[in-house]
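Where a number appears in this text, it was derived from the coordinates with a stated rule and is not lab data. Just so we're clear, the structure is a prediction, and the values are computed from it rather than from any experiment. Note that we place each Cβ from the backbone using ideal geometry, even for glycine, and neighbour counts take in every protein chain shown.
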Amino acid sequence: MADSTYYKPEDLGKFGSITEMNKELGDKFFEYYGKVFEEGALTAREKSLMALAVSHAVQCPYCIDAYTNDGLKRGITETEMMEAVHVAGAIRGGASLVHGVQMMNIIKKKTM
């Protein structure tokens, strides 16, 4: 029987296994990933909220699960999370709309 969905929440727990087929690159990725989320100019809480917003923009269900849970552990409220999701939606929508300028440029060039 075919799976009803491509996304399986339990697969998030298998993320670390991506090193199996290329240990060197997998290890380098996880080293980088770990460094990115260390405290720096931004707090781990701020980075988690940013990651949640980006997760929605790139539509990664695994990332959404991971950073919703991470955010809850870090005390990020549901209001803050939803506001971040709206920021992602506004940026994503704006990116689509701004490409309308390209369409308008072509129309103006062809009709003038």
TODO: Can you run down the residue pairs with Cβ atoms below 6 Å, 6 or more apart or on separate chains, where the first is in the range 12-37 and closer than 21 Å to M50 by Cα and the partner is in a helix (DSSP H, G or I)?
DONE: L12/Y62; L12/D65; F37/K47
Open item on the list: Can you find a residue that is surrounded by 15 or more Cβ atoms within 10 Å (Cβ to Cβ) and in contact with a Cys (Cβ under 8 Å, 6 or more places away or on another chain) anywhere in the range 55-62?
Closed with: yes
TODO: Filter the range 2-42 down to the residues that are under 20 Å from C63 (Cβ atoms) and of a type in the set (A, V, I, L, M), then identify the one that is farthest from the chain's Cα centre (by Cα).
DONE: L25
Task: Residues located in the range 76-88, provided they are over 12 Å from L52 (Cα atoms) and surrounded by 10 or more Cβ atoms within 10 Å (Cβ to Cβ) - done: T77
